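Every number in this text was worked out from the coordinates using simple rules, so none of it is lab data. All values reported here derive from a predicted model rather than from experimental measurement. Please note: Cβ atoms are built from the backbone with ideal geometry, for glycine as well, and neighbour counts cover all protein chains shown.
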Amino acid sequence: MYIVYHNPNSDFFHAKVEKYMDLFPVAIVPHATKSKAFELTNHIDQAWHDNDDVVIIEKSRSTSVGDVLATVEPGKGIVKAEIYAPCSFEDAPHLIPILKMKFKQAVRQDKVPYGYGLLDIGL
């Protein structure tokens, strides 16, 4: 399972790593590989938030440079964070505490659909 976070400070060419406190969760992709989660949160044949395999937290633009994919393991929560850099993903373990905090905020704000709350995700 992946949680996709968008970075409003991205310039789409460089990942601005100093501004990750503004990340916000936009989607949960329950059953996909990392590359499929990235694909499903991009406007390709349709708006990404119209994809049936995506659980929407917040409608936003396509996933791009500077955004983060968090790997979630049942019962363990977020176990890996990766920043999308131009043409690849870069490990970002330092972001895991921020991602957990941002997801908890989205749950408290009732943005996360039922069945994907803190206990379900393992946070």
What number results when the radius of gyration of the chain, computed over Cα atoms, is divided by 2.2 N^0.38 Å?
0.95
Partners for K80 among lysines (Cα-Cα distance below 16 Å; same-chain residues under 8 apart left out)
K34, K100, K102
Calculate, in nm to one decimal, what F24 and A85 gain on full extension: separation in residues at 0.36 nm each, minus their alpha carbon distance.
20.2 nm
Neighbour net charge for S60 - beta-carbon separation under 14 angstrom, K R +1, D E -1:
0
